[in-house]
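Only one structure is covered here, and it is reproduced in the block below.
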Amino acid sequence: MIAPAAEQPFALFVPDPDLALLREKLALARLPDELDGAGWDYGVPLADVRRLVARWRDGFDWRAAEEAINRDLPQFTRDVEVEGFGTLNVHYVHRRSARENAVPLLFVHGWPGSFLEVRKLLPLLTADVPDQPSFHVVALSLPGFGFSEAPKKGGFVHKQYGELANKLMISLGYDAYVVQGGDWGHYIAGSLATYYAHTHVKGWLSNYPHAQPPKLSKSPWLWLTDLVTPYSEREKEGWARTKEFRARGSGYSHEQATQPQTVGYSLGDSPVGLLGWIYEKLVRWTNGYRWEDDEVLEWVSVYWFSRAGPAASVRIYLEMTNRFERRAVDGIEWTSIPLGFSLFAKELNQVPRKWLRTLGNVVFESEHEHGGHFAAHEEPEALASDIRRMFGKGGPGFGVVPGKDGYV
Amino acid sequence: MATTTERPFTLSVPPAELELLQKKLELVRLPDELENAGWDYGAPLSDIRRLVARWRDGFDWHKSETEINKLPMFTRDIDVDGFGTLNIHYVHQKSAVKNAIPLLFVHGWPGHFLEVKNVLPHLTAISGDRPSFHVVAISLPGFGFSEAPKKSGFAGRQYANVFNKLMLSLGYEEYVYQGGDWGHMLGAHVVYHYGHKHLKAWHSNMPFYRRPTLFSNPLLTLEEHLPTQAARVAVEKLTHWRQKGIGYYTEHATKPQTIGYGLSDSPAGLLSWIYEKLVSWSDQYPWTDDEVLEWISIYWFSRAGPAASIRIYYEMTGGNTHDTFEGTARTTVPLGISYFPGELLLPPKSWMQMVGKVVFESEHDKGGHFAAYEQPEKLADDLRRMFGRGGPAFGVVHGHEGYD
């Protein structure tokens, strides 16, 4: 039996032929027309795509982006075994704080996110500033995303993501740790809590407040109080946003949860198709964030050049919802470890607060007037502040990791 | 004599477009696939790989073009209120029977005008005591070789306007109609605007309507809960459709431009998007690779491009804010329905009474969504029985009973 590969430093380097292929495809781009005055009504505006494609073809410097990524994000790979799935080579960012007793924190991205989302948080969390907790940060590329291998067969769900992430942390010497995640990171953090609360996972903070309504059978008191307590204005607004998102913003998730391979062909073969598909979310899901073209292109390039290809990344929707037969959130069980929520103004799924308590022991809720779905990227200071307030001195999650309270 | 903008149409894709397709196929980048995926995750990789290879080396588009050009095709300008002039492409095959029944055949998505190909000879044939038809098969605006509307809001009323004007311009003051998929939904619109006056009877092979509510049709809502085979099938198909079949629909109806980028730029992407439906919506139809590739090529080489064809979902549903029958109401124009077992949705038969005055019903044991293509003889036979002597819609078009 081949011993699993130990940690290898990873330097992102896309082979020249892959760069050449992208350029050739962009040179042959065939764009559709657009209805007069379409704006964003029908999807991504043509002018945006046209401009971005032109930039991607001539102007955007991937090698420079690579260099900066490698400089800003210390990356590694190692093999992690997952029961029933063999060994997966996992790509991750790992930066330790100068403070030995910093709190180990696992950051988990979602779709169409990536490990890059930790970039702005990293210096903030690992900083060694007096009277402020510090963190050792690990940000993995989920299997099938970024530069992690993808599972080869179906059925990779909550339990497997949990197992993989937990084994990764333990292999890095973090027997106990906390988790922060949004989008799929929310569900995976919740899965980690479900399977490893107390034993390894000591607390989690989510910026994606999605939960199901309390059930009379499971949490009668919560059910009752939810029934009789009026919702706040913010909750009502949030719920309206949620319904709008479900009715008119979730076509991509229907397709990805039922026919991921079908849509995967265009995502894998057309950089223009991939750009349109992802860029729509980058703009619609953020809150007034000013994307630079090169920023967008770097983000989409990571998907284009990903190890398993873009098609692999969308399978998570089918697996975690069992082909849309259940909600991904149903895979999360209530645990008593501290659970916190960072609530950004324009997040997509905003359920009434009481519903969040079905997911765990909610001890921290932080409301923000700004920000959207990609909180770590849009509002890194705010999110870092929430992480510090939850796990720092005086916070409800202070000292949850034995011997690593974040201070000197 | 009034001038006409009708021009004979010869399909001739420019060499530059053929070259571009070829280059793209040569640079194709296919994804991997999970072990034993089969059809569980979408169109299987081995099918797409094989089809792409064939499309690249082997499939002869010129041969297809030559065959397609054997159909009598034309274009003409149709003025649509508020949308200016659209140049519309259509097949127009007259029967040798002078008093043949004028019939408008309307396709859907991912269909096109060529779906009429197999059923055309049966309908225009002269055969004893069976009626004959003059057939017009239109390319919907934004599909095939018809121009697409340039602005938003092109919906039921506008499609009806185009259809009616086309038939009138061809000299058919009165006519009948056959459609499936969008052809069915749009049928409800045409019949609402021009029923009785121009559209005398219609037939559909996709028996679909909005679900009855306890308020609107109490008795019909109960039917779904009866312990009958038909009710069981109806509920099963509806559930399956809602859960697993609706991804493309939701994307089309909310973000047609977004999905349009991949469909315009990637032949493999367009191929898989459509091929998945050709297979899963038909009833074990033995598609040949070249048949599939010809079908997809029509989309790839379409006048307005593949992205334009998707917009119908958005326009007809107000961006997924209402159903496709919005703006219609039941009419008493005679309606015929053919039930094919492989169709996506098979509601209880009583539902069609909500749509119109059902005078003809036919049930088959084989055939799916693309009925005219898959089961041309069965469909033609249904139309003959509906419109022929002794049939429930015999003689609806004055002076054009289908016989000389």
Exercise for the section: Please report, as a whole percent, how much of the solvent-accessible surface of the protein assembly as shown comes from carbon and sulfur atoms (probe radius 1.4 Å). Expected result: 52
Completion exercise
Checking the stretch A:115-176 for GluC sites (Glu not before Pro) in a loop per DSSP with at most 16 other beta-carbon atoms within 10 Å yields none
Exercise for the section: Sum up the charges of everything whose Cβ sits under 11 Å from the Cβ of residue B:131, counting Lys and Arg as +1 and Asp and Glu as -1, but leave residue B:131 out. Expected result: +1
Handout entry: Local electrostatic count at residue B:336 - Lys and Arg +1, Asp and Glu -1, tallied over other residues with Cβ under 14 Å
Key = +2
Problem - Over chain A: helical MRE at 222 nm, DSSP H runs n ≥ 4 each giving -39500 (n - 2.57), nearest 500 - result: -12000 deg cm²/dmol
Practice task
Run the numbers on the stretch B:1-106 and let me know its relative contact order in percent, using alpha-carbon pairs under 8 Å that are six or more apart.
Solution key: 33
Completion exercise
Ranked by GNM mean-square fluctuation in chain B (Cα springs under 10 Å), the top entry among B:388, B:305, B:262 is B:262
Completion exercise
Checking B:338, B:127, B:204 against a Gaussian network model of chain B (alpha-carbon springs below 10 Å), the top fluctuating residue turns out to be B:127
Handout entry: Convex hull of Cα atoms in the stretch B:283-339, direction-averaged projection (nm²)
Key = 6.8
Practice task
Just flag the GluC sites (Glu not before Pro) in the stretch B:29-71 sitting in loop per DSSP whose Cβ has no more than 16 other Cβ atoms within 10 Å.
Solution key: B:35
Practice task
Filter the trypsin sites (Lys or Arg not before Pro) in the stretch B:245-336 to those in DSSP coil with at most 10 other Cβ atoms within 10 Å of their Cβ, and list the result.
Solution key: none
Practice task
Considering the options B:254, B:178, B:167, tell which one lies farthest towards the positive end of the dipole of the stretch B:131-287, charges being +1 on Lys and Arg and -1 on Asp and Glu at the Cβ, about the Cα centre.
Solution key: B:254
Problem - Percent RCO, i.e. relative contact order, over the stretch B:215-318, from Cα pairs under 8 Å lying at least 6 residues apart - result: 34
Fill in the blank from the handout: Ignoring ligands, DNA and RNA, the residues of the stretch A:240-255 whose accessible area with a 1.4 Å probe is reduced by 20 Å² or more relative to the chain alone are A:247, A:248, A:251, A:254, A:255
Problem - Theoretical gain in end-to-end length, residue A:24 to residue A:131 [0.36 nm per residue, Cα-Cα removed] - result: 33.2 nm
Handout entry: Unit Cα scatterers, Debye sum, chain B: log10 I(q)/I(0) for q = 0.10 Å⁻¹
Key = -0.66
Exercise for the section: Determine the shape class of the stretch A:76-179: with a ≥ b ≥ c the square roots of the Cα gyration tensor eigenvalues, call it rounded for a/c under 1.5, and otherwise prolate if a/b is greater than b/c, oblate otherwise. Expected result: prolate
Problem - Selected from A:222, A:125, A:22 as most flexible by GNM, with chain A as the system and alpha-carbon contacts under 10 Å - result: A:222
Practice task
Express the relative contact order of chain B as a whole percentage, based on alpha carbon pairs under 8 Å and six or more residues apart in sequence.
Solution key: 21
Problem - Ordering of B:112-119, A:359-366, B:72-79 by packing [mean C-beta count within 10 Å, highest first] - result: B:112-119, A:359-366, B:72-79
Exercise for the section: Report the semi-axes of the equivalent ellipsoid for the stretch B:328-404 in whole Å, largest first, where each axis is √(5λ) for an eigenvalue λ of the Cα gyration tensor. Expected result: 22, 18, 9
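Can you work out D for the stretch B:1-131 in µm² s⁻¹ from Stokes-Einstein, where Rh is the Kirkwood radius over C-alpha pairs, the temperature is 10 °C and the viscosity is 1.306 mPa s?
The calculation lands on 84 µm²/s.
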Handout entry: Student exercise, the stretch B:202-320 dipole from Lys, Arg, Asp, Glu Cβ charges, in Debye to nearest 20
Key = 540
Fill in the blank from the handout: Here the net charge surrounding residue A:325, from other residues whose Cβ is less than 12 Å away from its Cβ (Lys, Arg +1; Asp, Glu -1), is +3
Fill in the blank from the handout: Note to self: with every protein chain in place and a 1.4 Å probe, the protein assembly as shown gives an accessible area per residue in Å² of 37
Fill in the blank from the handout: Counting every C-alpha pair in the protein assembly as shown, the percent lying more than 51 Å apart is 22
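The values are calculated or read from the model by the stated rules, or taken from the named source; none is laboratory data. Computed from a predicted structure; not experimentally measured. Methodologically, a virtual Cβ is constructed for each residue, glycine included, from the backbone with ideal geometry; neighbour enumeration extends over all protein chains shown. Accessible surface areas use protein heavy atoms only, side chains included; no ligands, DNA or RNA. Shrake-Rupley method; radii C 1.70, N 1.55, O 1.52, S 1.80 Å.
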